[in-house]
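The values are calculated or read from the model by the stated rules, or taken from the named source; none is laboratory data. In this text, all values refer to a predicted model and were calculated from it rather than measured experimentally. Neighbour counts run over all protein chains shown; Cβ positions are idealised from the backbone, glycine included.
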Amino acid sequence: MKIDGIDKKIIRSLVKDARTPILSIAREVGISGAAIHQRLRKLEKSKLIDGYHMKINQSSIGYTTTSFVGIHLEPTAVLSSIIKRLKEIPEVVESHYTTGNYSVFVKILNKNNQDLMRVLETKIQQINGVSKIETFVSLQQQIDRQIHI
């Protein structure tokens, strides 16, 4: 998909704040609101824009512990059944099938370290096919951004 300078300006504006009104973007870019709307539909149709969503401040609702868990699978484990079980755990917010030491790498949000231990012991380690896990607790997130266009 080819994108031009106008598309880039539209995308940058929405990445900064997805609630930016179309007419505000139109004034900034120098084209009509209808043209902005058409370009957005084109970008959505091409799948360059994957969606619009808000971001919750997790600590404001009590989720202060972020961790990453590397999951080692047993040789006979079926990946799709492991992922199905991980999807049932609300604290798991990301899952990646990876190369390297782990078969699966997940991001988990918890209220505190005790809550993290509970999820690890009673949920993740209990999944058939999980042989062992390694957990990394994030002390501070220093970068959180979209790719620059």
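Miscellaneous remarks
- Per this entry, S131 is counted among residues that are at pLDDT 95 or above, in contact with an Asp or Glu (Cβ under 8 Å, 6 or more places away or on another chain) and surrounded by fewer than 13 Cβ atoms within 10 Å (Cβ to Cβ).
- Yes/no for V92 being buried (at least 16 other Cβ atoms within 10 Å of the Cβ) and under 17 Å from S131 (Cα atoms): no
- Selected residue (only one of K107, K123 is over 30 Å from D17 (Cα atoms), surrounded by 15 or more Cβ atoms within 10 Å (Cβ to Cβ) and basic (K, R)): K123
- Of all residues in segment 25-76 being among the β-branched types (V, I, T) and under 18 Å from D4 (Cα atoms), the one that is surrounded by the most Cβ atoms within 10 Å (Cβ to Cβ): I36
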